[in-house]
Amino acid sequence: MKDDPATRAAHAGSSREGGSPSAAGIQLASFYLSEGDPSSLAYAYGRGGNPTWEALEGALGELEDARATSFASGLAACFATILALAETHPRLVLARDAYYGLRKQAEMLVARGVELVINDHADFAAVERELARGPSILWSESPTNPRLVVHDLRRLAAIAKRHGAPYVVDNTTATAALQRPLDLGASLVVTSLTKASSGHSDVILGSVTTRDERLHERVRAWRYNAGAIPGPFEAWIALRGLKTLPLRIERQSSNAFALAELLARHPKVAAVHYPALTARALAESQMSGGFGPLLSFEVEGGAQMADRVVAAARLIRPGTSFGGVESSWERRARWNGETAPPGLIRLSAGIESIRDLEADVLQALS
Ligand SMILES: *Cc1c(COP(=O)(O)O)cnc(C)c1O
């Protein structure tokens with residue numbers, strides 16, 4: 001019998017052999033001693049392989065029953081994925097509310113021959129039309145950052161399949177503990193491990209997972225030749241965080257759900273975006289164990305009021321990024337290039353007691 005993915009991830013990379021270390025080591029070597037033909041060796045040069053990356057990739061692979069490649073950042077993982085696929089599929093059909101950093105990256109790739117189409121992935125006919133125009137990559141994100149839009153991953157995967165388009169899902173907000181897009185038909189999953197997957201706001205890292213050996217090799221070739229490799233220490237930190245991901249995400253999701261309900265009842269809040277409130281049936285059909293740590297809401301009074309609310313928190317930390325054990329929030333549109341409404345606050349629920357979080361949100365809004 002195969003253990004649950006969470007169980008396997010907790011044990012990944014450790015041996016039961018007597019005398020073996022209880023924790024993965026941090027291998028810092030830039031090269032491994034060799035003479036003659038190096039191709040028979042597991043390790044020769046440090047850009048090609050590292051046992052600490054492999055421990056992390058083993059755990060990521062267990063969570064998704066897939067092969068994983070770790071990268072220096074989430075955006076480095078996106079970059080390698082687009083470049084690997086664009087060789088054969090030069091059109092990128094991207095969801096309109098995908099992470100704005102990825103939209104910026106894609107715009108830079110237009111000058112390098114990538115044809116960029118940004119459209120609404122809830123409009124299946126429009127997606128279908130674009131994929132029919134030529135060999136394309138379909139790229140979704142669900143739930144999206146920062147508006148928490150839930151896309152129908154099964155349906156989009158089926159459309160992509162009909163057109164021979166590799167389907168990539170950015171799984172950063174949900175993480176592999178709550179959603180496994182490869183089970184729903186995705187060809188590749190990219191994740192910014194910087195967020196909830198590592199969970200302690202102390203590392204920038206990314207990954208690509210797939211069950212297609214050929215795609216796995218192509219993505220690896222881009223990591224090796226373009227060089228966006230993770231540092232061994234960062235990989236170790238992320239592995240340590242990943243072991244508690246299922247535990248953390250459960251608490252963070254239940255905190256986020258409770259805060260979303262509290263905000264939805266609040267007279268100063270104009271709108272709340274959280275999958276459990278806005279797209280429950282669809283979210284439940286493709287996620288399990290919770291709806292994630294991230295929510296967003298719009299306050300009456302626009303940008304100015306939102307800034308005041310963020311500044312008034314006693315516990316919730318001001319700042320970007322999300323997914324950490326400490327709750328944090330920010331007014332999203334303060335970032336140049338972000339298309340979120342001016343008064344939208346993105347809130348990342350941590351693992352604190354819900355009573356303290358609710359009290360902090362209420363006092364900040366008052
Ligand atoms: C943060 C983020 C990224 C980029 O990850 P980095 O680790 O910051 O490079 C990509 N996608 C989503 C959805 C993100 O939130």
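Just so you know, all these numbers are worked out from the coordinates, no wet-lab data involved. In this text, all values refer to a predicted model and were calculated from it rather than measured experimentally. Using ideal geometry, Cβ is built from the backbone for each residue, glycine included, and neighbour counts are taken over all protein chains shown.
Some points to look at:
- Net charge dipole size for the chain [Lys, Arg +1 and Asp, Glu -1 on Cβ; Debye, nearest 20]: 440 debye
- Stretchable slack from residue 320 to residue 40, in nm (0.36 nm times residue separation minus alpha-carbon distance): 96.3 nm
- Distance violations [Cα-Cα > 21 Å] among 195/268; 195/243; 104/195: 195/268
- Between the listed residues 245, 272, 335, the Cα displaced farthest toward the positive end of the dipole of the range 245-365, a dipole computed from Cβ unit charges relative to the Cα centre, is found at 335.
- Vicinal HN-Hα couplings computed from phi for the range 63-74 (Karplus, 6.51 cos²θ - 1.76 cosθ + 1.60; Hz; Gly/Pro x): 5, 10, 6, 8, 9, 10, 10, 8, 9, 5, 6, x
- Alpha-carbon centroids, the range 1-58 and the range 279-299: separation in whole Å: 35 Å
- Sites residue 4 and residue 120 - FRET efficiency at Förster radius 45 Å, r taken between beta-carbons, to 0.05: 0.80
- For the range 245-365, size of Cβ-based charge dipole, Lys and Arg +1, Asp and Glu -1, in debye: 120 debye
- For the pair residue 16 and residue 110, the difference between a 0.36 nm per residue extended length and the Cα-Cα distance amounts to 28.9 nm.
- Per-residue ellipticity at 222 nm, computed for the chain from helices alone with -39500 (n - 2.57) per DSSP H run of at least four residues, works out to -11500 deg cm²/dmol.
- The chain: antiparallel DSSP beta bridges as a percent of all, rounded to 5: 55 percent
- Peptides 187-198, 309-320 ordered by packing proxy, namely the average of other Cβ atoms within 10 Å per residue, highest first: 187-198, 309-320.
- Virtual spin-label span in nm between residue 366 and residue 353, 7 Å along Cα→Cβ: 1.8 nm
- Fully extended contour minus Cα-Cα distance, from residue 288 to residue 336, at 0.36 nm per residue: 13.9 nm
- Cα centroid separation - the range 172-189 against the range 131-159, whole Å: 12 Å
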